[in-house]
Structure formats: C-alpha cells, structure tokens
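Colleague: Handing you this structure, nothing more for now.
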Amino acid sequence: MLELYHNDMSSCAQKVRLTLAEKGIEWKGHHMNLRAGDTRTPEYLKMNRGGVVPTLLVDGTIICESTVICEYLDDAYPDIPVRPSDPIERARMRAWTKQLDEGLHADTGTISGGVAFRHQTMAGRTIQEFMDHMNRMPDPVRRDRTLENNLKGVESSYFPGAIKRWDALFGRMETALQENTWITGDDYSLADISYTPYVVRMDHLHFMGLFDDRPKILDWYERIQARPNFVGISDWINDKYIPLMAEKGEEVWPRVKEILAA
C-alpha cells in the first residue's frame, strides 16, 4: 500500500492523485492542513525538508516532488502508461513538465495567494501569529515571496510577472493543441496530467477570460474533465475554498486585464 501525504486543493497533490486514478492504484492518504501548518512540523520536515506536499511513502522509502512521484508511478506501474513510448514525444513531455518546476508552479502560488488564499492565511491571526506562521516556512526565498503576496495581494511585485508568464504559457499550449490531440501528441500523458490542476485553478479563480481566444485549450479542458481520472481533483474539492476564490477572483480580474494589457 502506498501512503500519500497530500492536501485536497494543492495543485501538486492533484497531479499525483490524477496519476494514481489514471492507473487505478490503491493508496492510503494522510491529509495535511496547510493553513494550520501541518507541513511545517518537525516530524513532517524529517520526511520532506521543503515542508510541502505531496510526499509518497513506498514501503518506508520516501519520495518527494510531484513530478518525480508521477514518473516513479509510471515506472512502478507500467500497465497503463502515462508517458509516450516515442522518445521524441517523451522528451517533449518532459520539457512541458519541467517548466512547472522551474517557476510556473511558484507563479501559481503567487496568483492564488495574492488573489484569494491570503484572506484565509491572515484570517483570525494577530500580526505576530501571522509572522510566526510565515517564519516556520523553511525556504527563505519562498517565505519572502509568500509574505509579500499575502500582505500586498495583486499589488505584490511578484504578481505581474507571474500572471504574464502563465498567459504566455497558455499561448504556447494553445499552439501545441492546434497541432496535437493532447499537449505532446496523440496520447494523453503526464504533460496533460501536470497542467490540469493549473487550468482548474484558473477556473476556480474565475480567470477563464485567459482562454477567450484559445478555443483549443477550452476543448482540451472539457475533455480533461470528462476523463474518469478527474476524480483525483473533483472528489477532493474543498467547498471552503471555492466561493472565496470566485469572489476574490472576480474582484481582481479587471486589474489582471490591465496588467496583461500593459
């Protein structure tokens, strides 16, 4: 039995749950409350020094980082592959998933935090309690970015670059889907799995205006939601998040459009 330390709304955890569902793999879950700081306890940091989710335990062996976990699952459970057999398409797939780890995932944290999650993080905490919560974040670069995003929201210095980089990425994704059935070719792959949570996040934030001129992405997203493995996201939707993301997303969308037009 695999053990997964995860969070219901974490995009990285969603990637892994989509992969598990696609392959029909049974697993035992340990849900981590990110707002309460479950991933910043000494016990969890011994498993995952970054203090993030997900973490996979395989017979006591720890595997961290969602991209690595997904590739491990494809190696260990090859009957239903989620990587292309063609070496060129597989390399193309890795180029897509690599972009997330090189900054796009952090940009999503900036967008989600700056728009909506800051209101959860700061609610009910005194300034000192809020700073103590921030200071338990082990990565100082991530801590500084998160702190500014929480305090300044969409006026954070990190926000314009984050939304512009995702907008550019969606432009490249639209082009790829004009040429292929799925992101990297004719086969559904880890590229599609990896980007699904991020398009879902834009949907939850009511940022679907990003796709007004990108019909191929909208078609892809409709097909994605119809797939049986989408339960890896839909079965874990936290209703405490959805109204907040919708409300705050609609409030800041005019500012987002200004940033993208600048």
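Colleague: Look through Arg165, Arg201, Arg143 and report the one residue that is among the basic types (Lys, Arg) and free of Cβ contacts under 8 Å to residues at least 12 places away in the same chain. First the steps, then the outcome.
Modeller: Values: Arg165 fails: free of Cβ contacts under 8 Å to residues at least 12 places away in the same chain; Arg201 fails: free of Cβ contacts under 8 Å to residues at least 12 places away in the same chain.
Unique residue meeting the criteria: Arg143.
Colleague: I'm told Asn33 meets every condition in (1) surrounded by fewer than 20 Cβ atoms within 10 Å (Cβ to Cβ); (2) among the polar types (S, T, N, Q); (3) part of a helix (DSSP H, G or I); (4) not assigned by TED's automatic domain parsing to the domain that holds Asp203 except one. Can you identify the failing condition by its number?
Modeller: Of (1) surrounded by fewer than 20 Cβ atoms within 10 Å (Cβ to Cβ); (2) among the polar types (S, T, N, Q); (3) part of a helix (DSSP H, G or I); (4) not assigned by TED's automatic domain parsing to the domain that holds Asp203, only one is false for Asn33: (3).
Colleague: A further question on this structure: Could you list, in sequence order, all residues of region 43-100 that are acidic (Asp, Glu) and either free of Cβ contacts under 8 Å to residues at least 60 places away in the same chain or in a helix (DSSP H, G or I) (or both)?
Modeller: Once the filter is applied, which keeps residues that are acidic (Asp, Glu) and either free of Cβ contacts under 8 Å to residues at least 60 places away in the same chain or in a helix (DSSP H, G or I) (or both), region 43-100 yields Glu43, Asp59, Glu65, Glu71, Asp74, Asp75, Asp79, Glu89.
Colleague: Does any residue in region 114-129 that is surrounded by fewer than 20 Cβ atoms within 10 Å (Cβ to Cβ) come within less than 7 Å, Cβ to Cβ, of a residue that is among the β-branched types (Val, Ile, Thr) six or more places away or on a different chain, and which pairs are these?
Modeller: none
Let's see how each residue does on (1) in the same structural domain as Pro254 (by TED's automatic domain parsing); (2) of a type in the set (Gly, Ala, Ser); (3) within 21 Å of Cys12 (Cβ to Cβ); (4) touching a Lys or Arg at 6+ places or on another chain (Cβ under 8 Å):
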position: Asn149; (1), (2), (3), (4): yes, no, yes, yes
position: Gly153; (1), (2), (3), (4): yes, yes, no, yes
position: Pro160; (1), (2), (3), (4): yes, no, no, no
position: Leu190; (1), (2), (3), (4): yes, no, yes, yes
position: Thr196; (1), (2), (3), (4): yes, no, yes, yes
position: Phe207; (1), (2), (3), (4): yes, no, yes, no
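The values are calculated or read from the model by the stated rules, or taken from the named source; none is laboratory data. Model, not experiment: these values are computed from the prediction. When we count neighbours, we look across all protein chains shown, and the Cβ atoms used for this are built from the backbone with ideal geometry, even at glycine.
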